[in-house]
Amino acid sequence: MDENPEQIRVLVVRHGVTLWNKEGRYQGQTDIPLSDEGIAQAEAVGRRLAGEPVCRMYSSDLARATMTASIIARHHNIEVKTDRRLREMYFGEWEGLTFDEIGKKWPSLRDRWLKDPVNLRPPGGESASDLIARVLEAVRDIYSDIKNITRTGPGGEPAGTRREQEGKSDAGPCCVIVCHGGVIRSLIALSSSGSAEGMWSRAVRQSSITTGRLGPDGLVIESWDDVAHLGG
């Protein structure tokens, strides 16, 4: 995509791995921290993004995301702004269960939900439509926030002053968003087809980087599931 002064470069990071990820359990909004492996993955992401001109860092408020974001933020000396709207889809009664355990108790609903996550919900949980509504609202606010600091500077100074001092004035605004697999898959699906249908068919591994451009009309995804920094 051509450079556009109204666009912001966005690096969307899925949090590092947790024990529930390893066990194949649906986490949703259950607050599971990173495992030791997940912390090492987050450190690898931090090193990968250390040279990026990051002016803002946003994160889901769940521990696995904030832990990942905090590790990345150390390389940029910036605070992490948390937003509960960036949380994973809420899976209701399915949280803590594996795919097979869900299938044993809700075989028909599980299979229908995989085909139509936009309209169907796990018992007591969210649909993809519910997820998308809150995530897009958060993304719009992120755009407004970034445009505000690029006009005034993060501390109220004239725009560009800080980046010019750091030798990054030509890079343009860039932010990092640390969130969850369902959030990222829904954004990719919307960018590619305009609908969240088929969102679960897209690979988005833990600690992967998804790159996009955020403008007044929304987020356009350019690449996803980049895990080159994890070394195979």
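The values are calculated or read from the model by the stated rules, or taken from the named source; none is laboratory data. These numbers come from a predicted model, not from an experiment. Positions of Cβ are generated from backbone atoms using ideal geometry, with glycine treated the same way; all protein chains shown enter the neighbour counts.
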Are there any pairs with C-beta distances below 6 angstrom linking a residue in the range 46-74 that is touching a residue at least 40 places away in the same chain (Cβ under 8 Å) to a residue that is among the small types (Gly, Ala, Ser) and in a helix (DSSP H, G or I), with the two at least 6 apart or on different chains, and if so which? 57/69; 57/73; 59/65; 59/69; 68/42; 72/46
Starting from the range 7-29, keep only residues that are at positive phi, then list their pairs with residues that are assigned to a loop (DSSP other than H, G, I, E, B) and of a type in the set (Phe, Trp, Tyr) whose Cβ atoms are within a distance under 9 Å, requiring at least 6 positions of separation or different chains. 28/90; 28/91
Hey, among the residues in the range 54-87 that are in contact with an Asp or Glu (Cβ under 8 Å, 6 or more places away or on another chain) and among the acidic types (Asp, Glu), which one's surrounded by the most Cβ atoms within 10 Å (Cβ to Cβ)? 83
Yes or no: the range 92-104 includes at least one residue that is without any contact (Cβ under 8 Å) to a residue 24 or more places away in the chain and crowded, with 17+ Cβ neighbours inside 10 Å. no
Out of the range 178-197, which residues are in contact with a Leu (Cβ under 7 Å, 6 or more places away or on another chain) and either assigned to a loop (DSSP other than H, G, I, E, B) or not polar (S, T, N, Q) (or both)? 179, 182, 183, 187, 196
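Matching residues to (1) within 23 Å of residue 129 (Cα to Cα); (2) in contact (Cβ under 8 Å) with a residue 60 or more places away in the chain; (3) over 11 Å from the mean Cα position of the chain (by Cα):
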{"site": "176", "(1), (2), (3)": "no, yes, no"}
{"site": "180", "(1), (2), (3)": "yes, yes, no"}
{"site": "183", "(1), (2), (3)": "yes, yes, no"}
{"site": "205", "(1), (2), (3)": "yes, yes, yes"}
{"site": "211", "(1), (2), (3)": "yes, yes, no"}
{"site": "214", "(1), (2), (3)": "yes, yes, yes"}
{"site": "217", "(1), (2), (3)": "yes, no, yes"}
{"site": "221", "(1), (2), (3)": "yes, no, yes"}
Of the conditions (1) surrounded by fewer than 20 Cβ atoms within 10 Å (Cβ to Cβ); (2) closer than 22 Å to residue 10 by Cβ, residue 22 satisfies every one except a single condition; which number is it? (2)
How many of the residues in the range 30-43 are surrounded by 19 or more Cβ atoms within 10 Å (Cβ to Cβ) and touching a residue at least 40 places away in the same chain (Cβ under 8 Å)? 3
Looking at (1) at pLDDT 95 or above; (2) of a type outside the set (Gly, Ala, Ser); (3) more than 27 Å from residue 40 (Cβ to Cβ), which is the one condition that is false for residue 199? (1)
